[in-house]
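A short worksheet on the structure shown next.
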Amino acid sequence: MTALFLRDLKLSIRAGGGALIGVLFFLTIVAVIPFGVGPDLKLLSRIGPAIVWIGALLAALLGLDRLFQAERDDGSLDLMLMQETPLVLTVLVKCLAHWTATSLPLVIASPLLGLFMNMDETAIGATMLTLLIGSPAITFIGAVGAAVAVALPRGGLLVSILVLPLTIPVLIFGVSATYAAVEDPAPFLPPFLILIALTLFFAVIGPAAAALALRNTTD
């Protein structure tokens, strides 16, 4: 499993620019918002957490279609299905490697982009924390879409269409927890605990559903 994790980590970084493309796309989304809403610093500070979360979500969707594509192209997907290691565990390791290579850099870059939106230290810290907890759920959800579209030559758009509606609860509670940390009357723990629960839920359901989809796709 360690060898598989390191192999997928290298492939995710190399394929299509890996983390760099995601961070640049993230930067582009957040950087153009001030030009659209104007120089109102209070407005930018108020909508900043939501914009950073939306940018991270869209950037995380970029490379999901490549999650199983390399194995499909070189034929190793059939070996994955026939090996003694449970396919669910293999998919889980691949998801963790993909998250480390593509989504973790977005979490690390979020404080810098928070400064672009005139966010204070509390808002930046809360946004980074909620992204760290919530972004793995996006990868686990995306694994299901990637498994469904793995047989298609250009399944990137289909993966995004399948995955985006399912990620809305993660976005809602991630942004809600961030705003709750900034606004004193609002409780932080309830939306944050729900965000943790969503990540744990999809950590179980996502790899299992992706493994089932992979088996059905190759049959």
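Need the full-extension length gain, Lys42 to Leu20, defined as separation in residues times 0.36 nm minus the C-alpha distance. One decimal, nm. Numbers along the way, then the final one.
Values: separation 22, 0.36 × 22 = 7.92 nm, distance 3.04 nm.
Length gained, Lys42 through Leu20: 4.9 nm.
In whole percent, how big is the carbon plus sulfur part of the accessible area of region 24-148, probe 1.4 Å, protein atoms only?
Roughly 70 percent, rounded to a whole number.
Using 0.36 nm times the number of residues separating Leu200 and Ile54, minus their current alpha carbon distance, what extension gain do you get?
50.5 nm
Could you work out the local net charge near Ser45, counting Lys and Arg as +1, Asp and Glu as -1, over the other residues with Cβ closer than 13 Å to its Cβ?
On the way: positive: Lys42, Arg46; negative: Asp40, Asp120, Glu121, Glu183.
Its environment carries a net charge of -2.
HN-Hα J couplings of region 83-98 from phi, Karplus 6.51/-1.76/1.60, θ = phi - 60°, integer Hz, Gly and Pro as x?
Result, ordered by residue: 6, 6, 5, x, 4, 4, 5, 4, 5, 4, 5, 5, 5, 5, 5, 5 Hz.
The values are calculated or read from the model by the stated rules, or taken from the named source; none is laboratory data. Everything quoted here is computed from the prediction, not taken from an experiment. Backbone-built Cβ (ideal geometry, glycine too); neighbour counts: all protein chains shown. Ligands, DNA and RNA are excluded from the accessible area calculation, which covers all protein heavy atoms including side chains. Shrake-Rupley method; radii C 1.70, N 1.55, O 1.52, S 1.80 Å.
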